[in-house]
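Each remark here refers to the structure printed beneath this line.
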Amino acid sequence: MACLLETPIRMSVLSEVTASSRHYVDRLFDPDPQKVLQGVIDMKNAVIGNNKQKANLIVLGAVPRLLYLLQQETSSTELKTECAVVLGSLAMGTENNVKSLLDCHIIPALLQGLLSPDLKFIEACLRCLRTIFTSPVTPEELLYTDATVIPHLMALLSRSRYTQEYICQIFSHCCKGPDHQTILFNHGAVQNIAHLLTSLSYKVRMQALKCFSVLAFENPQVSMTLVNVLVDGELLPQIFVKMLQRDKPIEMQLTSAKCLTYMCRAGAIRTDDNCIVLKLDHDLKHAHELRQAAFKLYASLGANDEDIRKKIIETENMMDRIVTGLSESSVKVRLAAVRCLHSLSRSVQQLRTSFQDHAVWKPLMKVLQNAPDEILVVASSMLCNLLLEFSPSKEPILESGAVELLCGLTQSENPALRVNGIWALMNMAFQAEQKIKADILRSLSTEQLFRLLSDSDLNVLMKTLGLLRNLLSTRPHIDKIMSTHGKQIMQAVTLILEGEHNIEVKEQTLCILANIADGTTAKELIMTNDDILQKIKYYMGHSHIKLQLAAMFCISNLIWNEEEGSQERQDKLRDMGIVDILHKLSQSPDSNLCDKAKTALQQYLA
């Protein structure tokens, strides 16, 4: 049988069974309201951080039923609230989840829920609306379809710090141009949000500040109004300047800087006001230094500790901030952001959830298109992790033209980039379809493949052998590849086995031969090559167990008696003295080698 090269992070991934998900949906239809409530609570606990479960429940029709229960007058307020919480959790999954929720007309149902007198239910609806409206697949216009929605949201701003936070976040994400700015402005956004800048809650202050940055963007009317707004006796520009101080969080400094910049551009603030202009320039430079230091710190903290990685990623807006760092103008900040993501990508759980939720692969692919080598090395190393077989990012990365990009990296003069390019291709080829393997071979070219096999860098050579080993897996794939590239591959194998290489290199090369020997037609390329057969015989008697086992693997695949032509192959190998060596190895003190030899001998006796 063929063997694949194990990828750097290999661990079992439990698959959720759709049947078990069906149980959660069925409970939503129970005639007992208390059982329905408990069923929704259990569903809430089941979907937290589990995108597979979320997808299953959506496919099984949970969303329409949850929306029905949420809108039913007979449903208790507690049930309605729990339904809104579950819907919000489903929305925090993939973009496809959000699309499914939108198709079920979730927004009108949630907006209707805002008319309830119950504050907890209102907050749950707003939290879900916030998640949906901040998704890139949600059209902002859905917020403005009903003219009564904006004034009602303005009225809800006074209810609690949560309504303030969520509504401001919705406004800042759904204000995408002058028309939206005008609607919000005319409904009193400036007056209703200004006092939130002095809230005791940092999140409320931050979301209010973001609202002002989108309201003032290229809008002279808003900017001129902001200049004269008083909050607790202070003018708004003075509050913005205070938010630029070094003791304030970087995000707050940057956003307040945006507000002041937009006001300056609109002519609302004099551009020669040193108090503001110099402060902007100085603090933006300082902010870059702080962000770089923060990303470096997170990268270091998360390097070897899964719990810390989880805490970093679960910090609100943290992934958004790090991903935004990939497009920073400062090369040092971009490099630190990539290093931070690379550190976090060592987590299998985060690769399957947060990295997919935030579509990290998209900005990463942009970084790889045009960046200095120091960034490319870290970014391409991170791409290796995103291409592991359990990563949901693998497929979209493939579709975005990654094969050509990675093949290009293998031609770099920088050994680290060559290693990462071939490593990523190796992960890509692991258990891949024939088409992907063909694309890799076509894009890489036979000539480049063999240049890599003679590379002076040992890591490049090992990863190239790993790529070949993963390409030559699954019998139809082995036969197909060997029918077109067999001659060159056999030449390369011969050269490596004859060369001055270490044990690990020769072991990998023998494993490639073992995979070829597992092919239906490909094995004839070995049987008709006496030179290769003699080398396999030589390594069966080698002093190193690893090489003996790898050579044994080749022999076992060649003599397996259930396959056509096995008798002829057995006879030829017997004439070469292979059976005698097998008898000798069956007495080996190494139990693994001994068992393999005995199994091979049984093929002759069967």
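Values computed for the structure shown
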read-out: Sole exception among (1) touching a helix residue (DSSP H, G or I) at 6+ places or on another chain (Cβ under 8 Å); (2) within 30 Å of Gly49 (Cβ to Cβ) for Lys366, by number; value: (1)
read-out: Within segment 91-100, tally of residues that are of a type outside the set (A, V, I, L, M) and either within 16 Å of the chain's Cα centre (by Cα) or outside any helix (DSSP H, G or I) (or both); value: 4
read-out: Within segment 406-430, considering residues that are among the polar types (S, T, N, Q) and closer than 15 Å to Cys384 by Cα, the one nearest to the chain's Cα centre (by Cα); value: Asn427
read-out: Every residue from segment 373-403 that is open to solvent by 40 Å² or more (accessible area, probe 1.4 Å), touching a Ser or Thr at 6+ places or on another chain (Cβ under 9 Å) and outside any helix (DSSP H, G or I); value: Glu389, Pro392
read-out: Selection within segment 101-151 - open to solvent by 50 Å² or more (accessible area, probe 1.4 Å), of a type in the set (A, V, I, L, M, F, W, C) and not in a helix (DSSP H, G or I); value: Leu115, Ala147
read-out: Only one of His583, His501 that is over 19 Å from Ser473 (Cβ atoms) and not in a helix (DSSP H, G or I); value: His501
read-out: Restricting segment 156-177 to residues that are in a helix (DSSP H, G or I), open to solvent by less than 60 Å² (accessible area, probe 1.4 Å) and not polar (S, T, N, Q), the residue that is nearest to Ile193 (Cα to Cα); value: Cys168
read-out: Qualifying residue in segment 73-84 (condition: part of a loop (DSSP other than H, G, I, E, B), open to solvent by less than 10 Å² (accessible area, probe 1.4 Å) and either among the hydroxyl-bearing types (Ser, Thr, Tyr) or at pLDDT 85 or above (or both)); value: no
read-out: Among (1) open to solvent by 10 Å² or more (accessible area, probe 1.4 Å); (2) more than 28 Å from Ser543 (Cα to Cα); (3) modelled with pLDDT of 90 or more, the one test that Leu458 misses; value: (2)
read-out: One residue from Pro64, Pro33 being under 22 Å from Val137 (Cβ atoms), more than 28 Å from the chain's Cα centre (by Cα), open to solvent by 70 Å² or more (accessible area, probe 1.4 Å) and of a type outside the set (Gly, Ala, Ser); value: Pro64
read-out: Single residue of Leu260, Leu184 found to be free of Cβ contacts under 8 Å to residues at least 24 places away in the same chain, more than 34 Å from the chain's Cα centre (by Cα), crowded, with 19+ Cβ neighbours inside 10 Å and part of a helix (DSSP H, G or I); value: Leu260
read-out: Matching entry among Leu533, Leu585 (being surrounded by 21 or more Cβ atoms within 10 Å (Cβ to Cβ) and farther than 29 Å from Gln431 by Cβ); value: Leu585
read-out: Condition check for Leu364: open to solvent by less than 10 Å² (accessible area, probe 1.4 Å), out of contact with any Gly (no Cβ under 9 Å at 6 or more places or on another chain) and not in a helix (DSSP H, G or I); value: no
read-out: Some residue of segment 231-245 being in contact with a helix residue (DSSP H, G or I) (Cβ under 8 Å, 6 or more places away or on another chain), at pLDDT 85 or above, part of a loop (DSSP other than H, G, I, E, B) and within 16 Å of Val190 (Cα to Cα); value: yes
read-out: Selection within segment 536-577 - small (Gly, Ala, Ser) and out of contact with any Leu (no Cβ under 6 Å at 6 or more places or on another chain); value: Gly541, Ser543, Ser556, Gly565, Ser566, Gly577
read-out: Residues that are outside any helix (DSSP H, G or I) and open to solvent by less than 30 Å² (accessible area, probe 1.4 Å), drawn from segment 431-454; value: Ala432
read-out: Test for Lys52: is it touching a Gly at 6+ places or on another chain (Cβ under 8 Å) and among the basic types (Lys, Arg); value: no
read-out: Selection from segment 213-249 of residues that are under 31 Å from the mean Cα position of the chain (by Cα) and open to solvent by less than 40 Å² (accessible area, probe 1.4 Å); value: Ser213, Val214
read-out: Cross-chain or 6+ apart pairs with Cβ under 6 Å, segment 98-109 first and more than 14 Å from Arg65 (Cα to Cα), then of a type outside the set (A, V, I, L, M) and outside any helix (DSSP H, G or I); value: Val98/Ser135
read-out: Only listed residue being assigned to a helix (DSSP H, G or I), out of contact with any Gly (no Cβ under 6 Å at 6 or more places or on another chain) and open to solvent by less than 70 Å² (accessible area, probe 1.4 Å), chosen from His542, His485; value: His485
read-out: Segment 187-205, residues that are open to solvent by 20 Å² or more (accessible area, probe 1.4 Å) and hydroxyl-bearing (Ser, Thr, Tyr); value: Thr198, Ser199, Tyr202
read-out: Inter-residue pairs, beta-carbon under 7 Å, first farther than 17 Å from Phe185 by Cβ and in segment 196-219, second open to solvent by 10 Å² or more (accessible area, probe 1.4 Å) and outside any helix (DSSP H, G or I), 6+ apart; value: Thr198/Asp232; Arg205/Ser199
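The values are calculated or read from the model by the stated rules, or taken from the named source; none is laboratory data. Nothing here was measured: the structure is a model prediction, and the numbers come from that model. Neighbour counts run over all protein chains shown; Cβ positions are idealised from the backbone, glycine included. Quick note on the areas: whole protein, heavy atoms, side chains included, nothing else; ligands and nucleic acids left out. Shrake-Rupley method; radii C 1.70, N 1.55, O 1.52, S 1.80 Å.
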